[in-house]
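*Asks:* Right, I'll just put the structure down here and ask away after.
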Amino acid sequence: MLRKVGVPVLACVIFLALWELLVWANGCPNYVMASPSDLPASYIRFWDLFVVMSWQTLWRTVLGLIIAIIVGVAIGMIMGFSRTMRDALYPLLVGFNAIPKATVVPIVALMFVGAHDFNTVLIAFMISFFPIAVSVSIGLSTLEPEYRDILRSLGASQATIFWKIALPKTLPEFFGALKVAVTLAFIGTNLMEIVSPHGRGLGALFDSGKTNSDYPLMFAVLIALAFLGIVLYYVVVALEKIFAGWAERQPT
């Protein structure tokens, strides 16, 4: 337990120390490159804004991620159980995912002007559902046919095969994809918060810092985003241990 907590904390401390050293060694003023020692003043000065904006970013990201899980699992199941649907949907999904979402954000913002919450959740969903759909599809489509044949010979229904064999086999891939989707959802949320004229959240606070050339504020927002992403990532890790802990293998 101490190693699991201490090693990540030590890595963060080393990262901050190297960052501070880099800024000091290059003699960068804080209007060019803020250092970690410049950030506490911004957190103290804008504490109320950080609390409100962080919550707005977090709930939109989580909601977009939940929708991505529902839609991604549904599409993944369709592709996993049907080769025809897999052949039909894969090119569409790959093509959609290949489109830079930064180009989609302005379009969505203009299509739904004023609906900032909807826009932000939509982009968070659009950018994060792909890895979930693909992982579930791969997990189901690679299910060993011998398992299905044995259960069918014993009279098991398709639903029983799914719950007893397919679902447990897919869970490790699903949680692996979910860890990736968490970070992608934050990217989508903040893209919309920065671009939208009605933006709210940490992305809007970052944009305010950019407008006022407040580099310490901008870097403070980035660290706050990183912190929220880490928290949500470890929530997924905790859920993985509960539902798919049996699949974990300790390195030798």
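The values are calculated or read from the model by the stated rules, or taken from the named source; none is laboratory data. In this text, all values refer to a predicted model and were calculated from it rather than measured experimentally. Note: ideal-geometry Cβ built from the backbone for every residue, glycine included; neighbour counts use all protein chains shown.
*Asks:* Under the condition of being closer than 13 Å to TYR215 by Cα and touching a residue at least 40 places away in the same chain (Cβ under 8 Å), which residue from the range 37-48 is surrounded by the fewest Cβ atoms within 10 Å (Cβ to Cβ)?
*Replies:* Looking at the filtered set, the residue picked out is ALA41.
*Asks:* Now for a different question. Does at least one position in the range 16-35 carry a residue that is surrounded by 14 or more Cβ atoms within 10 Å (Cβ to Cβ), in a helix (DSSP H, G or I) and hydroxyl-bearing (Ser, Thr, Tyr)?
*Replies:* no
*Asks:* Counting only residues that are surrounded by 15 or more Cβ atoms within 10 Å (Cβ to Cβ), small (Gly, Ala, Ser) and more than 10 Å from THR189 (Cα to Cα), how many does the range 55-81 have?
*Replies:* 4
*Asks:* Cβ-Cβ distance below 8 Å, separation of 6 or more or different chains: which pairs start in the range 10-23 with a residue that is closer than 16 Å to PHE227 by Cα and end on one that is surrounded by 12 or more Cβ atoms within 10 Å (Cβ to Cβ)?
*Replies:* Going by the 8 Å Cβ cut-off, the qualifying pairs are LEU16/PRO36.
*Asks:* Which of the following residues is out of contact with any helix residue (DSSP H, G or I) (no Cβ under 9 Å at 6 or more places or on another chain), in the same structural domain as VAL52 (by TED's automatic domain parsing) and closer than 24 Å to PHE125 by Cα: ALA238, ALA177, ALA159?
*Replies:* Step by step, each of ALA238, ALA177, ALA159 is checked, and only ALA238 is out of contact with any helix residue (DSSP H, G or I) (no Cβ under 9 Å at 6 or more places or on another chain), in the same structural domain as VAL52 (by TED's automatic domain parsing) and closer than 24 Å to PHE125 by Cα.
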